[in-house]
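Novice: If you scroll down you'll find the structure; I have some questions about it.
The values are calculated or read from the model by the stated rules, or taken from the named source; none is laboratory data. None of the values given here were measured: they were computed from a predicted structure. We place every Cβ from the backbone using ideal geometry, glycine too, and count neighbours over all the protein chains shown. Each accessible area value is taken on the protein alone, full model and side chains, heavy atoms only, with ligands, DNA and RNA left out. Shrake-Rupley method; radii C 1.70, N 1.55, O 1.52, S 1.80 Å.
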Amino acid sequence: MKTRITELLGIKYPIFQGAMAWISYAPLVAAVSEAGGLGIIGGTIMTADMLRDEIHKVRDLTDKPFAVNIISLSPWINEILEMLVEEQVLLATYGTGNPRKIIERLKPGGVMSFPVVPTPETAKRAQDDGADGVIVSGMEGGGHVGGLSTMIAVPQARDIVDLPLVAAGGIGDSRGMVAAFALGAEGVQMGTRFICTEEAACHVNAKDFILRSGPTDTLVTGNITGLPVRCLKNRMSLTFHEMETTGKSKEEMAFFGGGKMKQSFQDGDIEDGSVMAGQICGMINDIPKVADLMKNMVTGLGEVLEKVQGVLELNRNN
Ligand SMILES: Cc1cc2nc3c(=O)[nH]c(=O)nc-3n(C[C@H](O)[C@H](O)[C@H](O)COP(=O)(O)O)c2cc1C
């Protein structure tokens with residue numbers, strides 16, 4: 001498979017494992033990269049030293065390309081940017097904050113930047129700021145979300161941006177990958193699907209909760225705090241939602257929400273912790289090895305394309 005993404009990053013398949021704080025550590029990242037995709041370390045909760053250690057752990061497990069995910073709001077952002085250049089990391093992705101500040105530091109140091117953006121306009125801004133590629137992320141995805149679906153955001157971003165473009169949000173199998181290509185993407189990023197793999201270093205309770213959940217079992221909280229997050233409905237998210245709708249202050253909500261991801265994904269408390277996940281959870285029914293998941297995605301593409309062609313043929317004959 002060749003797209004501008006595989007060529008630019010030197011990977012076999014244009015499949016990114018979306019960064020996930022508390023989940024995408026070296027074992028998952030290396031497994032995805034070994035299988036031909038791009039593993040991404042969830043570095044937003046790490047200090048520069050912690051992230052450097054994790055980079056070394058990935059390099060001990062694979063010599064394939066991988067990336068890191070950072071956040072410009074981190075108290076350690078300056079040391080982190082310096083360290084990424086020192087370590088000559090291939091690529092950084094980041095979702096929140098000002099991409100220009102990050103690009104200005106990384107680009108001259110030889111580290112590429114792919115901002116994660118929720119709208120066509122922010123994709124265009126990333127291009128104007130000098131990004132090397134862009135990940136356009138729809139609101140059906142897990143974690144922090146914007147207001148547009150993948151179906152809307154990706155083609156409209158494609159229309160105004162020339163950069164290599166990766167689609168994220170609601171992709172979990174070969175059908176989603178073909179759909180993303182049809183919308184104009186040259187690669188896909190999956191988060192929720194990769195949580196349910198053997199190598200994802202998170203608690204089995206969180207994986208099982210995702211397996212049991214359907215597409216209507218997620219909820220977006222945080223619209224009021226300005227950081228909307230898609231997660232599974234449980235006591236934590238429903239309480240948070242109630243706090244939002246009954247006018248609790250931002251401070252009270254921030255205090256209530258603190259530490260809740262670790263509580264679920266690391267400690268296994270799926271009732272009172274925050275289990276971020278996307279609507280694709282309704283299609284996830286197993287916990288495979290990363291290599292098998294990747295193989296099925298790639299080998300399934302032909303069958304999906306045949307089906308699409310079959311539908312088109314049918315229409316032509318009618
Ligand atoms: C549990 C969880 C944690 C996430 N953490 C991060 C993060 O730390 N940084 C980031 O840029 N995106 C994060 N994301 C978003 C993913 O990288 C990815 O873009 C998203 O999951 C894609 O949608 P999908 O869940 O439908 O596959 C997270 C997503 C989930 C489900």
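Novice: In this model, which of Lys2/Lys57; Lys107/Lys250; Lys107/Lys307; Lys101/Lys260; Lys2/Lys307 are farther than 31 Å apart at the alpha-carbon?
Specialist: Lys107/Lys250; Lys107/Lys307
Novice: Regarding the chain, what is the average projected area of its C-alpha convex hull, in nm²?
Specialist: 16.2
Novice: By accessible area of protein heavy atoms, probe 1.4 Å, what ranking do Thr6, Thr47 get, highest first?
Specialist: Thr47, Thr6
Novice: Quick one: accessible surface of Leu51, probe radius 1.4 Å, all protein chains present, in square angstrom to the nearest 10.
Specialist: Result for Leu51: roughly 0 Å² accessible.
Novice: Using helices alone, what [θ] at 222 nm do you get for the chain, with -39,500 (n - 2.57) per DSSP H run of 4 or more residues, divided over all residues and rounded to the nearest 500?
Specialist: Calculated mean residue ellipticity at 222 nm is -13000 deg cm²/dmol.
Novice: May I pose another question? For region 251-307, run through the GluC sites (Glu not before Pro) and keep only the ones in DSSP coil with at most 16 other Cβ atoms within 10 Å of their Cβ.
Specialist: Glu271
Novice: Spin-label point model (7 Å from Cα, Cβ direction): what's the Glu198 to Glu303 distance in nm?
Specialist: Label-label distance for Glu198 and Glu303, simple model: 2.2 nm.
Novice: Grab the other residues whose beta carbon is less than 10 angstrom from that of Asn205, score K and R as +1, D and E as -1, and report the net.
Specialist: Neighbour charge sum, excluding Asn205 itself: -3.
Novice: So for the pair Asp63, Glu244, with labels modelled 7 Å out along Cα→Cβ, what separation do we get in nm?
Specialist: Placing both labels 7 Å along Cα→Cβ, they lie 4.8 nm apart.
Novice: Still on this structure: In what order, largest first, do Asp272, Asp267 sit by accessible area if the probe radius is 1.4 Å?
Specialist: Ranked list, largest accessible area first: Asp267, Asp272.
Novice: Give the residue list of trypsin sites (Lys or Arg not before Pro) in region 1-109 that are DSSP loop and have at most 10 other beta-carbon atoms within 10 angstrom.
Specialist: Qualifying residues, ordered by number: Lys2.
Novice: Taking K and R as +1 and D and E as -1, what net charge do the other residues with C-beta under 9 Å from the C-beta of Gly278 add up to?
Specialist: +1
Novice: Going from most exposed to least, what order do Leu293, Leu61 have by accessible area with a 1.4 Å probe?
Specialist: Largest accessible area first, the list is Leu61, Leu293.
Novice: Let me ask you something else. What whole-number distance in Å separates the alpha-carbon centres of region 237-275 and region 1-52?
Specialist: 28
Novice: Continuing with the same structure: Can you give me the Kirkwood hydrodynamic radius for region 132-235, using every pair of distinct Cα atoms, in Å to one decimal?
Specialist: In region 132-235 this quantity evaluates to 14.6 Å.
Novice: Excluding residues fewer than 8 places away in the same chain, name every one of the lysines whose C-alpha is closer than 16 Å to that of Lys289.
Specialist: Cα-Cα hits under 16 Å: Lys207.
Novice: If you don't mind, there's one more thing I want to ask. Cα atoms only: what Rg and Dmax, in Å, come out for region 1-138?
Specialist: Both quantities, over Cα of region 1-138: 13.7, 40 Å.
Novice: Moving on to the next point. Using DSSP, restrict attention to beta bridges with both residues in the chain and report what percent are antiparallel, rounded to the nearest 5.
Specialist: 20
Novice: On to the next question. Using a probe of 1.4 angstrom, how much of the accessible area of region 220-262 is carbon and sulfur, in percent?
Specialist: Carbon and sulfur atoms account for 60 percent of the accessible area of region 220-262.
Novice: With r as the distance between the Cβ atoms of Val220 and Glu271 and R0 = 22 Å, compute the FRET efficiency 1/(1 + (r/R0)^6) and round to 0.05.
Specialist: About 0.70, to the nearest 0.05.
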